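What follows is one structure encoded as structure tokens, with my remarks underneath.
The values are calculated or read from the model by the stated rules, or taken from the named source; none is laboratory data. Worth saying up front: this structure is predicted, and the values here are computed from it rather than measured. For neighbour counting, all protein chains shown are included, and Cβ atoms are generated from backbone atoms with ideal geometry for every residue, glycine included. Surface accessibility is based on the protein's heavy atoms, side chains included, excluding ligands, DNA and RNA. Shrake-Rupley method; radii C 1.70, N 1.55, O 1.52, S 1.80 Å.
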Amino acid sequence: MRARNSLRGRSRRASWLGRGEFADRIALARAELDSTGPAAECAQLASALARALSAWGPREPAVVDAQLVCADAARLDGDTGRARRLYEEVAVALGDSADPRLSALVLEARIGLAECCVS
């Protein structure tokens, strides 16, 4: 019985990305945005974002980074509604943080919100 539970746990973990793999997915999506604009890598990141948010929380740096990349991709695709929601989630989640590393991410989210208003 113990082996079965252990095997089940392994298959569950294997179906989800680890933090390193998620960071790699973010880097690929960001590179895609910089080179050709949003396409397959951005779509894959967007599909993994909800699970990462649920697993690690809204203040996890990798989740925030992914939200900002997905927001940028949505904005570039013309989906300013989705972009605005993602930027606002970051600004709200990190807005009260005293950590100077996070204040740059809040500023990026606020700039993204402003860009949505201009578009």
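Number of residues in the range 44-59 that are more than 11 Å from the chain's Cα centre (by Cα) and either closer than 15 Å to Ala83 by Cβ or hydroxyl-bearing (Ser, Thr, Tyr) (or both) equals 1. Looking across the range 28-42, the residues that are open to solvent by 40 Å² or more (accessible area, probe 1.4 Å) and either under 11 Å from the mean Cα position of the chain (by Cα) or charged (D, E, K, R) (or both) come down to Arg30, Asp34, Glu41.
Would you call Asp72 among the charged types (D, E, K, R) and surrounded by 17 or more Cβ atoms within 10 Å (Cβ to Cβ)?
yes
Among the residues of the range 92-105, write down those that are farther than 10 Å from Leu68 by Cα and either within 16 Å of the chain's Cα centre (by Cα) or of a type in the set (Ser, Thr, Tyr) (or both). Listed by number, the residues that qualify are Val92, Ala93, Leu94, Ser97, Leu102, Ser103, Ala104.
Here Arg51 meets the list (1) closer than 22 Å to Leu107 by Cα; (2) assigned to a helix (DSSP H, G or I); (3) open to solvent by 70 Å² or more (accessible area, probe 1.4 Å) almost entirely, failing just condition (1). Looking only at residues of the range 77-107 that are in a loop (DSSP other than H, G, I, E, B) and touching a helix residue (DSSP H, G or I) at 6+ places or on another chain (Cβ under 9 Å), we find that the one that is most open to solvent (accessible area, probe 1.4 Å) is Asp77.
With respect to Leu45, is the statement that it is hydrophobic (A, V, I, L, M, F, W, C), closer than 22 Å to Val106 by Cβ, modelled with pLDDT of 95 or more and in contact with a Gly (Cβ under 8 Å, 6 or more places away or on another chain) true? Answer is no for this residue. Inspect the range 61-70 for any residue being outside any helix (DSSP H, G or I) and polar (S, T, N, Q) and give the result as yes or no. No, the range 61-70 contains no residue that is outside any helix (DSSP H, G or I) and polar (S, T, N, Q).
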